[in-house]
Each structure stands twice: as C-alpha cells, then as structure tokens.
Amino acid sequence: MAKIVVLGAGISGHVAASHLRRKLPKEHQVMVVSPNSNYQWIPSNIWVGIGRMKSKQILFPLAPLYKKKHIGFKQAKAVTFHPEGDVTENKPYVLVEGVVGDSKGKQEKVTYDYLINATGPKLNFEATEGLIPGTNSTYSVCTYTHADHAWEGLSALIADMKKGKKAKILIGTGHAKATCQGAAFEYILNVEQELRRHKVRDMAEVTWISNEYQLGDFGMDGMLLSYGDMTMKSHEMVEMIFEDRDIKWILGAGVQKIENGIAHYENLDGEKKSETYDFAMLIPSFSGHGFKAFDKNNKDITDKLFKGFMIVDANYSPKPYEEWSVQDWPETYQNPSYKNIFAPGIAFAPPHSISKPRKSKNGTEIFPAPPRTGMPSGITAKLVADNIIDTIKSGKEQLHHKGSMGNMGAACIASAGFGMTSGSGVSITTYPIVPDYEKYPKTQGRQLGKTFGEIGLAGHWLKLALHYAFIYKAKMKPFWWLIPE
Amino acid sequence: MTQRISKYQRLKMMNPILQFFRFIYLSIKILIVVAGGHGGTRNIKSSTSSS
Ligand SMILES: Cc1cc2nc3c(=O)[nH]c(=O)nc-3n(C[C@H](O)[C@H](O)[C@H](O)COP(=O)(O)OP(=O)(O)OC[C@H]3O[C@@H](n4cnc5c(N)ncnc54)[C@H](O)[C@@H]3O)c2cc1C
C-alpha cells in the first residue's frame, strides 16, 4: 500500500489528487493537506472583483467532496519537510500545523511514500512597502476574499463618481519582479467596461502600470501571433486594445512603495517617480513559502529542496541570457535529491525568467517573473500523478510522462468585459509557452498559427464556458476526467 | 503608429451570430493546441506524450 500526500488544493494539487484517486486502487491512500477549506476557481476572481459574480459562485468546500471520493483531507499548512524522517520516525514526513478548530496551532507529522508539493506561490505583499490589500486604497484579486474587498472599494468609488468625483484608477503590477500580468490585464479591461456600464467612464482616468518592457509581454517575452489574416506582435495587439479603451500605460515600472493614494516606482531609466490614484489593483510579487527541510539528524538541508520555490529537474546553473535554452526547463517536476518528491504548478522553481532580464540605470532588476498559468499547472500536476501511478503499479520508477513548458501549448482567454451580449474576451494561445528559438528561429521562438490572438464576444462566452466546465471538473462530477486540463 | 479597431471590426467583434461561429471555431482551435500533446525537450523523439 502506498500513501501519496498532496500539499495544496489549488489547480495543481486538486488535479493531482483527483487523478490519483481515480486511477489508483483503493488500498492506496491519497491525502490532501491544505489550509483553505475551499477550492476556488481563481481565474473567475476577476469577475468577483467587479461585482459580476459572487465569491460563492467560484468556490466549493473540499471536505464533503474528498470524503465522498475517499481522498483524505487535513485542513492544515505544511511547515517543514523531513524527506528522510528523523531519529524517531523512519518514514519521510512533512510537519503540518492545523489552522482551524481544536487542531489550530497543533503540529503533526504526516508521513508519505510520495509527496506532491502543490503549494503554489506565497503572495508576497510584504516585498512592497505599504502594499496591503484593502489598505492605502490598493486591492488585489488574487484570492476570492481579496476580490470581494476589491469590489467593495471599486463600488464605493463608482458611487462617488456618480456624485461627480473625478477619479484615477491604477492597475498592474505592484513589484519590480511581479508576474501574473495577464490577471491584471483582464481586470483593467473589466473595470473599464464596468465604468462604462455605470456611465461614469468620463469621470475616470484609467492607467496600466507594469514591470513589462513592452505591453503584451505577459512575462513570456511577448509573442508574435496570427491575428485575423495579419501577423502581429502581442504589444501591438495590446496597444490597439488600450488605445481603443482609452487606457494610458506606464511601462518598465518597478513599484517600490505604496502610500495612501500614491504608488512610488523606479523606471528602467533609473528615475524615481510616483503616480497618484483613488483605486489601485496591483499584483504582488510571488515567492516561495520559505519552507525549511531537515535530514534524519535534523541537519538543515533546505538547499537540497528549495531555491525559493522547490528544486526540480531543471538546469539551474546560472548563465547569461544569450545561453538560456528551452532544455533548461523541467520535464517531470521531480526533485533530483529525493525522487519521491514532485512539485507541479507554480510550486517549482523556474530555471530563469522567460522575459529578457532588464536592469534600471541604478541596477534595480525590473522585469516580469515567469508565469505558470492554470493550464500548465493542471497539465504538470496530471503528468506527475501519472508517473506516480505508473511507478506504484509497476513497482519501479517510471517517468514516461513528460511536459516541459517548452513543448506545451497554453490557451489564455483573457476576459475583457462581462456580459452575455456586451462582454468581450481576448483569446490568446501560445505554442510553446517557453519560446524555442532553435526550433522556431524566425517567429520569436513560437509556432505561428498555434500562437494566435482574437478579440470579441466569443472570447467572453469561452471564458464563461471554461468557468462552468472547470468547476464541474473540479467537483468530480460524472466523466469529469474527459475535460482536458 | 498603433493599429486602431475600426467601427466595422467592432461590429464584427460584437455581432452575436458571427461570434457564435467564432465561438465554435475558437473552441476547436484551442482544443487542438491543448490536445496537441506535450512532452520533453531534451529527447523529443522518445518523450512526446499526451498524458
Ligand atoms: C486573479 C487571477 C486570475 C487568473 N486567471 C487565469 C486565467 O484566466 N487562466 C489561467 O490559465 N490562469 C490564470 N491565473 C493563474 C492560475 O490561477 C494559477 O496558474 C494557478 O492557480 C496555479 O495553481 P497552483 O495549484 O500551482 O497554485 P494555487 O492555485 O495558488 O494553489 C496553491 C494551494 O496551496 C495551498 N497552500 C498554500 N500554502 C500551503 C502550505 N503551507 N501547506 C499546504 N498547502 C498550502 C493553497 O491554500 C492553495 O490551495 C490567474 C491567477 C490570478 C491570481
């Protein structure tokens, strides 16, 4: 009998747990450890943040589902990793701490045969002084509670605008090395559309602020894409959309400090500037959770497991940008020191950024960290689960399932406004996610045709259809596994 | 100069009938990209899978 412990019940943890449970005989134990009692479909937080969806529409409680499906569930957070056990415990384990009820604050050893670390990112608000969601008129949409707060702030501002107040709205990234530009891009377009719906658009100045060198970089170094019968660069497409929506933009901006209504930033020219606002939604930097790891004798071995995020089968040797290669990116998400530990989704340490690294004249690094969106998070989680299943079934290590972000496509349907007849979406697909400049030297590392963009109402319907499909899948309703990651 | 979205393009973008067909087309196109599989990059021949 094998015991597989999954840390985290976000997109990757939940996908891994559900596939493991479906494919493994019942004598094997699958257990999920996660501090949040709910599963949330994070992409729809955008609509919670504009008041067009209630947070309860994007979440459901995990405990009843896991009970029904025979998946163990502990509402707790992982604290330390002990991949060799310790002097009293022979098996590898994770020390976890309860977060609710009687078990709150109580620590316990959760042993495992296989461990999937799917703890995603730490939303590192502390890295930017004053960036605290719900204070200083800044908000976030990274979780459903944050998105609820954001809507409270935005609706109050809309009410003031209806009374005649002129307002400045600032949306983008809140740190020089933040990622997830796509989420901020969706939010700014949705906010802009809501202002029009509430007939206060002329009262607001809407500004995009980002650490990207060019619009449409999205932490993926931008892309050359097919748009209708044209070939366009992603920055041209986003410029076209922003011009159309009368959205201003500030680029190459590393936000360093937030005061009530003022964002202080440094730009690539090394200038220290500030931008005032009445409402801001700024994505924080993402970091690892700061986990520590110990060997059998309690010696600190954190550097064998973590490099901020978890170390996997990537090539982490530092090298100049010109020498970066798509082969540096991981394929199996297995930790090289402890072969029974895996880290899919955002939890793995990327070998380097995808966007070209840039420094300001003062030496401050200002460029997006690499994104890992929902689709690759789901795909990498499933392949990790499949390798563990094959290993358990065959009795020897199997790593046939591989999925490098350099040989994987991604679809990103960015909402550009909510509404069955007035909504809009920017549908972008990219293949591969990490550009392969050797294979596609003339098209910026990507395959044209499979990398395309499209704007329109259909995008909104698609995003809405995905919302319902993925919640159906996450609830493990009949034939859920037929819906691809 | 930045490309602009023309009135005609906007009409097409928001026309529910045209967009219904775009919806079908996009769903299939995205499925092709997604279901096109994934694999490694270090030894492509032996590693391509669609797990
Ligand atoms: C606003 C927003 C919109 C987005 N929109 C899109 C989109 O349209 N399309 C798309 O593809 N992607 C989108 N993304 C990205 C997508 O949400 C992420 O790629 C995805 O959530 C990553 O999944 P994950 O499981 O790796 O991490 P997460 O979803 O962050 O899950 C991490 C899990 O780990 C748990 N956890 C945290 N700490 C611990 C601990 N110490 N111990 C145990 N468990 C722990 C958390 O509670 C959570 O359950 C969006 C992201 C945001 C923020």
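The values are calculated or read from the model by the stated rules, or taken from the named source; none is laboratory data. Everything quoted here is computed from the prediction, not taken from an experiment. Note that we place each Cβ from the backbone using ideal geometry, even for glycine, and neighbour counts take in every protein chain shown. Ligands, DNA and RNA are excluded from the accessible area calculation, which covers all protein heavy atoms including side chains. Shrake-Rupley method; radii C 1.70, N 1.55, O 1.52, S 1.80 Å.
Quick notes
- A:Ile413 being in contact with a strand residue (DSSP E or B) (Cβ under 7 Å, 6 or more places away or on another chain), part of a strand (DSSP E or B), at negative phi and buried (at least 20 other Cβ atoms within 10 Å of the Cβ): yes
- Selected residue [surrounded by 14 or more Cβ atoms within 10 Å (Cβ to Cβ) and modelled with pLDDT of 95 or more] from A:Lys122, A:Lys68, A:Lys104: A:Lys122
- Condition check for A:Gly172: away from the ligand (no atom under 12 Å from the Cβ), in contact with a Ser or Thr (Cβ under 6 Å, 6 or more places away or on another chain), closer than 18 Å to A:Ser415 by Cα and outside any strand (DSSP E or B): no
- Those residues of the range B:1-41 which are open to solvent by less than 80 Å² (accessible area, probe 1.4 Å) and either acidic (Asp, Glu) or more than 8 Å from every other protein chain (Cβ to nearest Cβ) (or both), in sequence order: B:Ser6, B:Gln9, B:Ile24, B:Gly37
- Reported count of residues in the range A:429-451, each being open to solvent by 10 Å² or more (accessible area, probe 1.4 Å) and in a strand (DSSP E or B), is 1.
- The lone criterion from (1) of a type outside the set (S, T, N, Q); (2) surrounded by fewer than 17 Cβ atoms within 10 Å (Cβ to Cβ); (3) within 9 Å of the ligand (Cβ to nearest atom) left unmet by A:Lys56 is number (3).
- Against the test of being of a type in the set (Val, Ile, Thr), crowded, with 24+ Cβ neighbours inside 10 Å and farther than 22 Å from A:Gly216 by Cβ, the options A:Ile346, A:Ile341, A:Ile354 yield a single qualifying residue, A:Ile341.
- For first residues located in the range A:6-26 and under 19 Å from A:Pro61 (Cβ atoms), partners that are modelled with pLDDT under 95 and lie 6+ apart or on another chain with Cβ distances below 7 Å form the pairs A:Ile11/A:Gly374; A:Val15/A:Glu485.
- Flag for A:Lys177 being more than 12 Å from the ligand (Cβ to nearest atom), more than 17 Å from the chain's Cα centre (by Cα) and open to solvent by 20 Å² or more (accessible area, probe 1.4 Å): no
- Comparison of A:Leu115, A:Leu131, A:Leu157 shows that the only residue that is buried (at least 18 other Cβ atoms within 10 Å of the Cβ), more than 27 Å from A:His28 (Cβ to Cβ) and within 16 Å of the ligand (Cβ to nearest atom) is A:Leu131.
- Top-ranked residue in the range A:79-92 [being touching an Asp or Glu at 6+ places or on another chain (Cβ under 8 Å) and in a strand (DSSP E or B); ranked as nearest to the ligand (Cβ to nearest atom)]: A:Val79
- With a requirement of 1 or more residues that are hydrophobic (A, V, I, L, M, F, W, C), the strands (runs of 3 or more DSSP E) lying completely within the range A:1-54 that satisfy it span A:3-7, A:29-33.
- Out of A:Thr429, A:Thr451, A:Thr443, A:Thr421, sole residue that is within 12 Å of chain B (Cβ to nearest Cβ) and out of contact with any Phe, Trp or Tyr (no Cβ under 9 Å at 6 or more places or on another chain): A:Thr421
- Against the list (1) away from the ligand (no atom under 16 Å from the Cβ); (2) within 21 Å of the chain's Cα centre (by Cα); (3) open to solvent by less than 10 Å² (accessible area, probe 1.4 Å), the condition A:Asn407 fails is (3).
- Cross-chain or 6+ apart pairs with Cβ under 7 Å, the range A:411-426 first and without any contact (Cβ under 8 Å) to a residue 40 or more places away in the chain, then within 8 Å of the ligand (Cβ to nearest atom): A:Ala411/A:Met375; A:Gly425/A:Ile413; A:Gly425/A:Ala414; A:Gly425/A:Ser415; A:Gly425/A:Lys463
- Flag if A:Pro35 is open to solvent by 10 Å² or more (accessible area, probe 1.4 Å), in contact (Cβ under 8 Å) with a residue 60 or more places away in the chain and either near the ligand (Cβ under 8 Å from one of its atoms) or away from every other protein chain (no Cβ under 14 Å) (or both): yes
- Restricted to the range A:242-348, the set of strands (runs of 3 or more DSSP E) holding at least 1 residues that are not hydrophobic (A, V, I, L, M, F, W, C) comprises A:247-250, A:253-259, A:262-267, A:272-276, A:285-287.
- Applying a threshold of 7 Å to beta carbon distances and a minimum spacing of six or more residues, or different chains, the list of pairs starting in the range A:462-473 at a residue that is more than 13 Å from chain B (Cβ to nearest Cβ) and within 13 Å of the ligand (Cβ to nearest atom) and ending at one that is open to solvent by less than 30 Å² (accessible area, probe 1.4 Å) and at pLDDT 95 or above reads A:His467/A:Trp41; A:His467/A:Ser44.
- Across the range A:310-335, the number of residues qualifying as away from chain B (no Cβ under 14 Å) and either out of contact with any Gly (no Cβ under 8 Å at 6 or more places or on another chain) or open to solvent by 60 Å² or more (accessible area, probe 1.4 Å) (or both) comes to 10.
- Residue within the range A:194-203 that is buried (at least 24 other Cβ atoms within 10 Å of the Cβ) and not in a loop (DSSP other than H, G, I, E, B) present: no
- In the condition set (1) farther than 23 Å from A:Val32 by Cβ; (2) modelled with pLDDT under 95; (3) within 9 Å of chain B (Cβ to nearest Cβ), A:Ser404 is compliant with all but (2).
- Residue match in the range A:221-230 (condition: modelled with pLDDT under 95, open to solvent by less than 30 Å² (accessible area, probe 1.4 Å) and part of a loop (DSSP other than H, G, I, E, B)): yes
- Condition check for A:Thr138: within 27 Å of A:Ala167 (Cα to Cα), touching a Ser or Thr at 6+ places or on another chain (Cβ under 9 Å) and not acidic (Asp, Glu): no
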